[in-house]
1. Going through segment 33-49 one residue at a time, which ones are in a loop (DSSP other than H, G, I, E, B), modelled with pLDDT of 85 or more and surrounded by 10 or more Cβ atoms within 10 Å (Cβ to Cβ)?
2. Is it the case, given these coordinates, that residue 13 is under 13 Å from the mean Cα position of the chain (by Cα) and not assigned by TED's automatic domain parsing to the domain that holds residue 66?
3. Between 23, 18, which is part of a helix (DSSP H, G or I) and within 13 Å of the chain's Cα centre (by Cα)?
4. Give the residues of segment 9-31 that are over 22 Å from residue 63 (Cβ atoms) and touching a strand residue (DSSP E or B) at 6+ places or on another chain (Cβ under 8 Å), sorted by residue number.
């Protein structure tokens, strides 16, 4: 059984944190978008086809969902 984080020593926490960061990077690489957050902001980056204009986009923000569409094609959904 894995130790609880609070029960780990500093070296174990360092190894655990590094593995968690690597896992997150790998998971993020598989998504059609990239995101980051801090205490005050959330940033979402979506690659768009060259020449895309603002009027070509459909962005829907709800309390627990963000949807970005381009010319009736979903680009990213969270």
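1. 47, 48
2. Considered against the rule, which asks whether it is under 13 Å from the mean Cα position of the chain (by Cα) and not assigned by TED's automatic domain parsing to the domain that holds residue 66, residue 13 comes out as no.
3. Only one candidate qualifies: 23.
4. 28
The values are calculated or read from the model by the stated rules, or taken from the named source; none is laboratory data. Everything quoted here is computed from the prediction, not taken from an experiment. Virtual Cβ from ideal backbone geometry, glycine too; neighbours counted across all protein chains shown.
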